[in-house]
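Input: a single structure, listed below in structure tokens.
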Amino acid sequence: MRKPIVAANWKMNLTKKSAEDLIAKLNEFVYEDVEVIIMPPFTLLDMAASIADNRIKLGAQNCYYKKSGAFTGEISPDMLVDIGCKYVIVGHSERRHIFGNDLLRKKLAASKRAGLIPVYCIGETLDEKRKGKKESVLSEQLNIIDNLSMSLIVAYEPVWAIGTGVAAEVVTIRETIKLIRQKLREKGVKASVLYGGSVKPDNAKEIASETLIDGALVGGSGLNASSFLQIIDIFKEVRKC
Ligand code: PEP
């Protein structure tokens, strides 16, 4: 069975001290059998790279698509690789809904060029779900990856489940991930597919037991060492069997 992936998107949270405390607790865990990724804000990446156990992989929450230049305030994929990142989130809904879709293809291509693995987030809003547009929305979001042959992680994150405390039902996740995998196959793209949206210790077992799901992208629960480690442990145990 493939190694499950459990990634924590810290969003715009934590200062140096609180992040050091969190990483110190994460460092005590035994990480075999699970690919664990932490995605701190840019300000904490360098510190995280220097103190995190090297079995914990580092990812950023965003990048620009240019290599370098006069782009005040932006960070390039090459800069992220330079400080030890292996992954980068592209298209998180909290950004997609503000900044639009147009740059995402360029960001994916630039990540590939630099050797980063994108965690490409897709998902429908509540309104799109209610109007029966889920499949067309996901298709459109996946069309961005056409002809991009690269290592990729796709995170299915229904927007209505993010930060609400209410995850999608496993049967819904399974059906949606089946659909996503079918579309990826049609495009000839090989990708791991994660679920994200209110994953917590309480629901992790049910989610981890669905083997079509390659892992979890965790927001809120990733800021608490005990919750995050419980989720990792659950994936580790469930997938061992
Ligand atoms: C996220 O924002 O990627 C996420 C999954 O958040 P949460 O787990 O808090 O819903």
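The values are calculated or read from the model by the stated rules, or taken from the named source; none is laboratory data. Keep in mind that what you see is a predicted model, and the values were worked out from it rather than measured. Neighbour counts are summed over all protein chains in view; Cβ atoms, including those assigned to glycine, are modelled from backbone coordinates with ideal geometry. Surface areas here come from the heavy atoms of the whole protein model, side chains and all, with no ligands, DNA or RNA. Shrake-Rupley method; radii C 1.70, N 1.55, O 1.52, S 1.80 Å.
Sort 80-90, 133-143 by the packing proxy (mean of other Cβ within 10 Å over each peptide's residues), most packed first.
80-90, 133-143
Counting protein heavy atoms only, the chain has 50 percent of its accessible area on carbon and sulfur, 1.4 angstrom probe.
Going by average Cβ neighbours within 10 Å, how do the peptides 146-157, 44-55 rank, with the highest at the top? Show your work: numbers first, answer last.
On the way: 146-157: 19.1, 44-55: 16.4.
Packing proxy ranking, top to bottom: 146-157, 44-55.
Over region 5-240, all Cα pairs binned in 10 Å intervals from 0 give whole-percent P(r) values of 8, 34, 38, 18, 2, listed from short to long.
GNM on the chain, C-alpha springs below 10 Å: top fluctuator among Leu58, Leu223, Leu14? Of Leu58, Leu223, Leu14, the Gaussian network model singles out Leu14 as fluctuating most.
Helices in the chain that qualify as membrane-span-like (whole DSSP H runs, Cα extent of at least 24 Å along the helix axis, mean Kyte-Doolittle hydropathy of 0.0 or higher) do not occur. Packing here is the average count of other Cβ atoms within 10 Å per residue, and on that basis the peptides 113-124, 209-220, 18-29, 181-192, highest first, run 113-124, 209-220, 18-29, 181-192.
Lysine pair count for region 18-135 (Cα-Cα distance under 27 Å; residues 8 or more apart in sequence or on different chains): 24.
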